[in-house]
Amino acid sequence: MFTPDSIEVQGERFTPFITQEQISTRISFMGKQLDKDFANLNPIFIGVLNGSFIFLADLMRHVQIPCEVDFVKLSSYGDKKVSSGNVTTLKKVDARLEGRHIILVEDIVDTGLSMNYMLDEMRTHHPASLSVVTLLHKKEATVHPVDLAYVGFEIPNAFVLGYGLDYAQYGRNLGQIYIVENKK
Ligand code: IMP
């Protein structure tokens with residue numbers, strides 16, 4: 001696993017913030033919660049690309065109930081560290097969602113804009129239930145309120161990287177989560 005003591009991406013320095021071990025312990029717990037809450041409901045997990053791909057892959061290996069997996073892809077941030085404010089769908093879900101128990105899987109909820117967009121889009125398919133799992137939540141930054149049923153870690157309002165999360169598309173391959181170092 002690639003876990004350097006610090007890393008520079010596009011001129012910004014990042015230092016370790018949440019370790020592999022902390023992530024794995026938390027995901028194992030979340031998997032058990034999902035097994036209990038969705039037993040006999042045959043849920044469909046929908047990962048929001050690209051950021052959720054590593055979290056979803058690890059989470060799935062802790063879920064033991066029968067379930068399906070699919071993906072959606074949204075556009076929004078471009079290469080910046082601040083949300084552009086516009087969200088569009090780049091890839092839709094292939095499966096039929098009517099009457100299904102949908103579990104949306106995100107890497108991070110920041111302003112809440114993307115998740116609100118996703119939830120509105122999912123509601124148009126008339127699912128039996130709609131829940132959100134996010135690995136990270138920047139509570140202070142969330143200006144569009146979202147009901148988050150499963151949160152891995154509440155984090156401060158600072159830019160983070162690794163374990164699927166990128167900065168200008170780089171850093172997704174880091175094995176743990178890093179936080180931007182504030183310039184003195
Ligand atoms: P929101 O729409 O502002 O909630 O932003 C959600 C999306 O922005 C996430 O799915 C991420 O792709 C991206 N994002 C927000 N904060 C960060 C961060 O700290 N690091 C990397 N990506 C982030």
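Every read-out reported here was derived from the displayed coordinates using simple, explicitly stated rules and does not represent laboratory data. Just so it is clear, the model here is predicted, and its values are computed rather than measured. Glycine also receives a Cβ, built like all others from the backbone with ideal geometry; neighbour counts cover every protein chain displayed.
Quick notes
- Scanning the stretch 119-155 for residues that are more than 17 Å from Ile54 (Cβ to Cβ), surrounded by 14 or more Cβ atoms within 10 Å (Cβ to Cβ) and small (Gly, Ala, Ser) yields Ser129, Ser131, Ala141, Ala149.
- Candidate set: the stretch 1-49, residues that are farther than 25 Å from Ser114 by Cα and of a type in the set (Phe, Trp, Tyr); chosen: the one surrounded by the fewest Cβ atoms within 10 Å (Cβ to Cβ): Phe2
- Filtered by the rule that a residue be touching a Ser or Thr at 6+ places or on another chain (Cβ under 8 Å), within 14 Å of the ligand (Cβ to nearest atom) and of a type outside the set (Val, Ile, Thr), the stretch 90-116 gives Leu90, Leu104, Glu106, Asp107, Asp110, Gly112, Leu113, Ser114, Met115.
- Where Asn182 falls short, out of the listed (1) within 13 Å of the ligand (Cβ to nearest atom); (2) not in a strand (DSSP E or B); (3) not charged (D, E, K, R): (1)
- Subset tally (residues that are away from the ligand (no atom under 16 Å from the Cβ) and either within 17 Å of Ala95 (Cα to Cα) or in a strand (DSSP E or B) (or both)) for the stretch 51-71: 5
- Counting the residues of the stretch 140-184 that are under 15 Å from the mean Cα position of the chain (by Cα) and charged (D, E, K, R) gives 4.
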